[in-house]
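Written out below as structure tokens is the structure these notes cover.
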Amino acid sequence: MHTTTKGLAGEVLAARFLRSKGYTILSSNYHSRFGEIDIIAVDGRYIVFVEVKARSEGSMILPREAVTADKQHKILRTAAVYLRAYPSNLQPRFDVVEVWVSDADPMIPLQIDHLISAYEAGDLHEAF
């Protein structure tokens, strides 16, 4: 029996995936009073705020479907808090990493999809 949760496994696997693509991880599980950002990374001229969603094989919905407008709003507000605390000249970007994991062992990735610029800052753009 594996004690690693699907969510934690997804975040670890997503961070490994991003590092393999040349991203520099700045923070993980960054919290504010508005919510949490799973991974904050740098990709060239971008500071990337990454939401990770993990699902078991055979899931009926896409992981990205769990990144609702409400969830996006919380991430945007938390990103604004982060950028006030750690100012950056980099362009903010909001990505989603979908991770499908094995039912037998959540640390075994079956598929990883990276949705670059999955959503925009919209009305909160002025917060940056």
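The values are calculated or read from the model by the stated rules, or taken from the named source; none is laboratory data. Given the structure is predicted, the values throughout are model-derived calculations rather than measurements. Heads up, the Cβs are rebuilt from the backbone with ideal geometry, glycines too, and the neighbour counts pull from every protein chain shown. Accessible surface areas use protein heavy atoms only, side chains included; no ligands, DNA or RNA. Shrake-Rupley method; radii C 1.70, N 1.55, O 1.52, S 1.80 Å.
Structural remarks
- Each residue in region 7-23 was checked for being assigned to a helix (DSSP H, G or I) and either β-branched (Val, Ile, Thr) or modelled with pLDDT of 95 or more (or both), and 10 of them qualify.
- Residue list for region 90-107, restricted to those being in contact (Cβ under 8 Å) with a residue 60 or more places away in the chain and open to solvent by less than 10 Å² (accessible area, probe 1.4 Å): Val97, Val99, Val101
- When the residues of region 55-87 are filtered to those that are at pLDDT below 95 and part of a loop (DSSP other than H, G, I, E, B), the one that is most open to solvent (accessible area, probe 1.4 Å) is Met60.
- Among residues of region 1-47, those that are touching a Gly at 6+ places or on another chain (Cβ under 9 Å) and open to solvent by 40 Å² or more (accessible area, probe 1.4 Å), counted: 3
- Region 32-54: number of residues that are touching a Pro at 6+ places or on another chain (Cβ under 9 Å) and part of a loop (DSSP other than H, G, I, E, B): 0
- Taking residues in region 14-25 that are over 22 Å from Arg55 (Cβ atoms) and charged (D, E, K, R), and partners anywhere that are open to solvent by 90 Å² or more (accessible area, probe 1.4 Å) and assigned to a strand (DSSP E or B), not one pair has Cβ atoms closer than 9 Å while being at least 6 places apart or on different chains.
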